[in-house]
Amino acid sequence: MLVLTRKNGESIKIGEDIEITIISSKNDQVKIGINAPKNIEVFRKEIIDGIQAENEQASKDISSLIKIIKNKQI
Amino acid sequence: MNIETKYHGAIEVLESETLNFKKGIPGFPMENEFVLLPLSDEDMFYVMQSVSTPDLAFVLTSPFNFFKEYDFHLEEPVVEELDLETEKDVMVFSILTVQDPFEKTTANLQAPIIINSKNNKAKQVILHNEQYNTKHPIIKKTGTKG
């Protein structure tokens with residue numbers, strides 16, 4: 001991992017098209033501005049991790065429950 | 001083509017029926033092709049089966065069966081990525097995390113599966129909407145539909 005130290009207002013350029021700016025920082029909270037092309041998705045990491053974990057959980061075998069689902073009159 | 005499936009044995013599917021996930025889905029970035037198979041009568045539940053990995057399949061439902069107020073906005077980049085031309089072409093599904101007992105099953109409303117029915121391009125879209133998370137019980141505790 002590349003680690004850089006920035007002051008408020010300073011920026012980082014990633015590749016040609018992505019720019020990260022430190023807007024402000026206070027205590028242990030940092031406000032980060034991100035400039036990236038629309039087709040690049042930007043998310044808080046824990047959100048992606050959460051979706052990934054739920055997908056993995058959802059892909060587990062449920063053969064024993066298939067019959068129940070097939071007959072479910074909801 | 002013939003494929004092996006997780007819950008449906010060996011079946012034949014048409015190339016034209018396969019859903020195309022250009023970027024896979026979170027956790028499964030290399031899984032680009034799935035088919036939608038029926039699981040129950042009345043179109044309540046489906047299985048989204050990986051074409052290349054027989055052991056990989058997800059149970060899906062239309063979220064509106066259980067969450068009548070479910071509502072969200074698709075951002076422009078997603079509309080472009082799926083080449084969506086009209087709302088009528090949008091199909092929405094939620095991946096269910098099926099539990100034992102079934103009554104504890106939850107739906108991932110935070111990341112619906114969005115399909116363009118015109119070209120079968122698909123994507124699991126992560127919503128920025130903070131009212132949705134990955135574990136919404138489909139059966140409310142009082143035993144009635146949510």
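What to note about this one:
- Rounded to the nearest 10 degrees, the angle from helix A:45-58 to the longest Cα principal axis of chain A is 10 degrees.
- In the elastic network of chain B, a GNM with C-alpha springs shorter than 10 Å, the most mobile of B:Q99, B:Q124, B:Q110 is B:Q99.
- Positive-end ranking of A:I23, A:I12, A:M1 along the dipole of chain A, with charges on Cβ about the Cα centre, is headed by A:I23.
- Listed residues A:M1, B:M48, B:M1 arranged by accessible area, highest first, probe 1.4 Å: A:M1, B:M1, B:M48
- Net charge dipole size for chain A [Lys, Arg +1 and Asp, Glu -1 on Cβ; Debye, nearest 20]: 300 debye
- Summed residue charge, Cβ within 13 Å of B:A122's Cβ, Lys/Arg positive, Asp/Glu negative: -1
- For a straight C-alpha distance cut-off of 19 angstrom, the aspartates and glutamates reachable from B:K88 (same-chain residues fewer than eight places away being disregarded) are B:E17, B:D43, B:E69, B:D71, B:E75, B:E76, B:E80.
- Using the Cβ-Cβ distance between A:N35 and A:I68 with R0 set to 30 Å, the FRET efficiency from 1/(1 + (r/R0)^6) comes to roughly 0.05.
- The label point for B:E130 and the one for A:S25, both projected 7 Å from the Cα toward the Cβ, are 2.4 nm apart.
- Projecting label points 7 angstrom from Cα along Cα→Cβ for A:M1 and B:L56 puts them 2.7 nm apart.
- In this rough spin-label picture, where each label sits 7 Å from Cα along the Cβ direction, the B:N2-B:K22 distance is 3.4 nm.
- Based on alpha carbons, the Rg and Dmax found for chain B are 15.2, 45 Å.
- Within region A:1-70, GluC sites (Glu not before Pro) in DSSP loop having at most 14 other beta-carbon neighbours inside 10 Å: A:E10, A:E16, A:E41
- Residues considered: B:A107, B:A122, B:A57. Largest GNM mean-square fluctuation over chain B, using C-alpha springs under 10 Å, is found at B:A57.
- Separation of the alpha carbons by more than 22 angstrom is noted, of A:K45/B:K23; B:K68/B:K104; B:K6/B:K141, for B:K6/B:K141.
- Gain on full stretching of the segment that runs from B:E76 to B:E42 - 0.36 nm per residue minus C-alpha separation: 9.0 nm
- Shown are B:E103, B:E31, whose ranking by accessible area with a 1.4 Å probe and every protein chain present, most to least, is B:E103, B:E31.
- Within the full protein context, the accessible area of A:I34 is estimated at about 80 Å² for a probe radius of 1.4 Å.
- Sequence of B:E12, B:E75 from largest to smallest accessible area, 1.4 Å probe: B:E12, B:E75
- Whole-Å distance, taken between Cα centres, linking region A:1-36 and region B:78-105: 34 Å
The values are calculated or read from the model by the stated rules, or taken from the named source; none is laboratory data. Keep in mind the model is a prediction, meaning the values are calculated, not measured. Note that each Cβ is placed from the backbone with ideal geometry, even for glycine, and that neighbours are counted across all protein chains shown. Remember, those area values only see protein heavy atoms, side chains included, never the ligands or the DNA or RNA. Shrake-Rupley method; radii C 1.70, N 1.55, O 1.52, S 1.80 Å.
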